[in-house]
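The values are calculated or read from the model by the stated rules, or taken from the named source; none is laboratory data. Please read these numbers as outputs of a predicted model, since none were measured by experiment. Quick reminder, even Gly has a Cβ in these numbers, built from the backbone with ideal geometry, and neighbours come from all protein chains shown.
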Amino acid sequence: MKLILLGAPGAGKGTQALSLSRNLNISWLSSGDLFRSHRNENSELWKQSFSYIEKGLLVPDTITIKMVLNWIDQENQNSFLLDGFPRNIYQADSLEQHLESSGGIDKVIYISVPDEMLIKRLSLRMVCKECGNPYNKIELNNFKNNLCTKYGCSGELYQREDDKPESIKKRLQVFMNDTKPLINYYSDKSKLIEIDGTGSINSVKESIELLFVKNKI
């Protein structure tokens, strides 16, 4: 089973991807984790990426695509969940072509959340500097010293620059311009399933799980 999880920043993709990958016992690839892995290994693709990152430029699609396709090939992944990739039509086309012999992506789950709720969620988000695990500022009242508790990580929590109010609307605009067309792209292929992401983490999780119970996936 080859799945993609789509959603705007703040839709809760990471949280749901972790739960879904565990329930289905399939590999989960987060684009953020993939870049961190290449950074830690100081790989050739990371060196190519960093030359753009240090200049404040976007990493070219060709580099990101190579990272993802290499992961699929090296891990011999016949079943996986992609989170944060593809981000645009070009990346989606490259992925479909690469997977053509195995039937391409099976299903794409789109977590839909209104912009006003996304802005509120993102403005309350804190992230671990070490592992990238997200937290809500309201939750942090129960934490000591604002340190990550994921698997004993203990990394420092901070608010990303792009989670500050002045940056959030720009991120959502990028999603609208580049990523949202993927909704039509996969819908035209009869691979898209839309989920209401406005509820609690558990309610969204249950909605996704019902897709498998009802054999929609």
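Scanning the range 19-34 for residues that are modelled with pLDDT of 90 or more and out of contact with any Lys or Arg (no Cβ under 6 Å at 6 or more places or on another chain) turns up Leu20, Ser21, Arg22, Asn23, Leu24, Asn25, Ile26, Ser27, Trp28, Leu29, Ser30, Leu34. If the condition is being charged (D, E, K, R) and at pLDDT 95 or above, then the range 176-188 contributes only Asp188.
Which of the residues spanning the range 25-39 are assigned to a helix (DSSP H, G or I) and surrounded by 16 or more Cβ atoms within 10 Å (Cβ to Cβ)? Passing the criteria: Ser31, Leu34, Phe35, His38.
The rows are residues; the columns are (1) surrounded by 13 or more Cβ atoms within 10 Å (Cβ to Cβ); (2) within 14 Å of Val108 (Cβ to Cβ).
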site	(1), (2)
Glu41	no, no
Lys47	no, no
Ile63	yes, no
Val68	yes, no
Pro86	yes, yes
Tyr90	yes, no
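Of the residues making up the range 145-160, not a single one is surrounded by 11 or more Cβ atoms within 10 Å (Cβ to Cβ), farther than 14 Å from Lys129 by Cα and touching a strand residue (DSSP E or B) at 6+ places or on another chain (Cβ under 8 Å).
Here Leu192 meets the list (1) under 27 Å from Glu100 (Cβ atoms); (2) at pLDDT below 95 almost entirely, failing just condition (2).
When Ala92 is tested against (1) under 18 Å from the mean Cα position of the chain (by Cα); (2) over 21 Å from Tyr186 (Cβ atoms), just one condition goes unmet, and that condition is (2).
Considering the range 120-137, the residues that are surrounded by fewer than 17 Cβ atoms within 10 Å (Cβ to Cβ) and part of a helix (DSSP H, G or I) include one that is modelled with the lowest pLDDT, namely Ser123.
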